[in-house]
Each structure stands twice: as C-alpha cells, then as structure tokens.
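Trainee: So that we are looking at the same thing, I have put the structure below in structure tokens.
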Amino acid sequence: MFAQAAGAPIVYIANGPPSPKGEAILVQENSPIQSVKELKGKKVVLNRGSNVHYLLVKAIEDAGLILDDIDGSFLPPADARIAFDRGDVDAWIIWDPFFASAEVELGARVLQDGDELVANREFLLAEKTFAEEQDEIISIILEELDIVDQWVANHITEAAEFLSPEVNIEASILERVLDRRGFGVERVTEDVLADQQSIGDTFYNLELITNKLDIYDAAVDSK
C-alpha cells in the first residue's frame, strides 16, 4: 500500500489464505491484563504502518475503545522486544516469527490474536506491465509456488528443520509459526481486494498515507 501510494508500478498477482493467528497482542506471562479492554491507559508498542497496526485498530474497536484510550508507541520488532522483555511496556503487538519467538523464549501470553478480526494474508506482487503481458509465465510461477506450499503444509517438521539454519531461527519456533500459517497460493479475488481497500482506508484515516488509495488500481485488471 505504501508503495502504491508512492506511485510504484506494482500490482497484486496472488495471495495466500488468511493466517489470522499469525499475529497477536502479547502480554507478559504474569501480567494482570486479561482482556483488550484492560489495555485502556496502558503502554502498547507496535510497528507503525504494519499488519499489526491494523490488528490494533480492529481489536481496540472490538473492545469498545478508541486509539486515544491507549498509550501507543512505535518501534521496530527488535527494539520492541527489548522494551517488552524489560517490562517497559504492558503489551506488544507483533507477527510471526517474532510472535512465536516471544512465546517460546520469553513466555509471552497471547491476549488476543487476529482470529475473527483480520485476515493477515501474504501477497505476491509484480511489476504492472510484466503482469499484464506475461500472464502465462506468472501462472507457471504460481503453480510451482503452490506445489511447494502444499508440500510444506504436509511436512511442517521437516520444513522447519530445513529452514532453521537458513533463517537462524530454532526449528521448534518455526514449527509453531508454520502450524498457524495458512497454505496455498491463489489469484487475487474481488473479496481480497475489498479487504485491502478497508485496510487502505484505515491507514488513510490514520494519516499513515497521505492520499486515499483505490486498491483496484493495483490489480492486474485495473478498473
């Protein structure tokens, strides 16, 4: 979305299925906070303009609060983890694999994940002209990626062990990540674009992007 707002000539070509449990609001294991509503007046840290920023908006809204009810601050994941581990903040909103790492290594507790609040899809993008002129090549790429994705879905332990040294994350953490990830690659649909439009409108209202986006301008068959 930020690339689209900046005028980059890229389009959505495919997406994975929803993975709402792959991001969450975390609190310390011994935190007295038991609900999102109890975050009122508390310190919450997150990455600005990311998928978890939208999760915060939806979770706060669902709890009957507004953003001004919390003391929010923005830090990248590595710095946010330090602040969370030190107890400088009451809650951390984060995505996998940082989420799983905090559970395993810090004993963090899930206050609320994205289930029933957000889709949290992964997207594949392409340069606009290439996408419009090379659909056959894109179809082959997507078919091959889907084959790999389905293999991983059926071999999670093996995939985690293979990926562990490549990304320098323990296999046990990666298994947790893969267990709650959606698998498959599919072409972008109208419903998916509508979800993205909702996120884009939210980011515009929060003044994270300065111009109102028409997500369909970033679709291969732009209207």
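Trainee: Inside the range 70-110, can you point out the residues that are part of a loop (DSSP other than H, G, I, E, B) and in contact (Cβ under 8 Å) with a residue 60 or more places away in the chain?
Mentor: Those that are part of a loop (DSSP other than H, G, I, E, B) and in contact (Cβ under 8 Å) with a residue 60 or more places away in the chain: 90, 96, 97, 107, 108.
The rows are residues; the columns are (1) surrounded by fewer than 15 Cβ atoms within 10 Å (Cβ to Cβ); (2) under 20 Å from residue 14 (Cα atoms); (3) of a type outside the set (Val, Ile, Thr); (4) in contact with a Phe, Trp or Tyr (Cβ under 6 Å, 6 or more places away or on another chain).
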position: 177; (1), (2), (3), (4): no, no, no, no
position: 183; (1), (2), (3), (4): no, yes, yes, no
position: 187; (1), (2), (3), (4): yes, yes, yes, no
position: 191; (1), (2), (3), (4): yes, yes, yes, no
position: 194; (1), (2), (3), (4): yes, yes, yes, no
position: 203; (1), (2), (3), (4): no, no, yes, no
position: 210; (1), (2), (3), (4): yes, no, no, no
position: 213; (1), (2), (3), (4): no, yes, yes, no
position: 216; (1), (2), (3), (4): no, yes, yes, no
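Trainee: Still on this structure, please answer the following. Which number in (1) surrounded by fewer than 16 Cβ atoms within 10 Å (Cβ to Cβ); (2) under 23 Å from residue 208 (Cβ atoms) marks the one condition that residue 116 misses?
Mentor: Failed condition: (2).
Trainee: At pLDDT below 95 and either assigned to a helix (DSSP H, G or I) or on the phi < 0 side of the Ramachandran plot (or both): does that describe residue 132?
Mentor: yes
Trainee: Test residue 46 against the stated conditions and say whether it is assigned by TED's automatic domain parsing to the domain that holds residue 170 and either hydrophobic (A, V, I, L, M, F, W, C) or modelled with pLDDT under 95 (or both).
Mentor: Numbers: assigned by TED's automatic domain parsing to the domain that holds residue 170: no; either hydrophobic (A, V, I, L, M, F, W, C) or modelled with pLDDT under 95 (or both): yes.
Considered against the rule, which asks whether it is assigned by TED's automatic domain parsing to the domain that holds residue 170 and either hydrophobic (A, V, I, L, M, F, W, C) or modelled with pLDDT under 95 (or both), residue 46 comes out as no.
Trainee: Out of 56, 65, which single residue is closer than 22 Å to residue 203 by Cβ, in a loop (DSSP other than H, G, I, E, B) and of a type in the set (A, V, I, L, M)?
Mentor: The conditions single out 65.
Trainee: Please determine whether any residue of the range 8-19 is out of contact with any strand residue (DSSP E or B) (no Cβ under 9 Å at 6 or more places or on another chain), more than 16 Å from residue 110 (Cβ to Cβ) and in contact (Cβ under 8 Å) with a residue 40 or more places away in the chain.
Mentor: Yes, that holds for at least one residue.
Trainee: Is there any pair linking a residue in the range 157-172 that is assigned by TED's automatic domain parsing to the domain that holds residue 104 and part of a helix (DSSP H, G or I) to one that is surrounded by 13 or more Cβ atoms within 10 Å (Cβ to Cβ) and not small (Gly, Ala, Ser), with Cβ under 8 Å and at least six apart or on different chains, and which?
Mentor: none
Trainee: Same structure again: Considering every residue within the range 42-60, establish whether at least one is exposed (fewer than 13 other Cβ atoms within 10 Å of the Cβ) and either free of Cβ contacts under 8 Å to residues at least 12 places away in the same chain or not polar (S, T, N, Q) (or both). Working first, answer last.
Mentor: Residues of the range 42-60 exposed (fewer than 13 other Cβ atoms within 10 Å of the Cβ): none.
No, the range 42-60 has no match at all.
Trainee: Shifting gears a bit: Can you go through 202, 210 and tell me which one is among the polar types (S, T, N, Q) and in a helix (DSSP H, G or I)?
Mentor: 202
Trainee: Among the residues that make up the range 125-146, is at least one of them touching a residue at least 40 places away in the same chain (Cβ under 8 Å) and basic (Lys, Arg)?
Mentor: Scanning the range 125-146, I find at least one residue that is touching a residue at least 40 places away in the same chain (Cβ under 8 Å) and basic (Lys, Arg), so the answer is yes.
The values are calculated or read from the model by the stated rules, or taken from the named source; none is laboratory data. Since we're looking at a predicted model, the values are computed, not measured. Please note: Cβ atoms are built from the backbone with ideal geometry, for glycine as well, and neighbour counts cover all protein chains shown.
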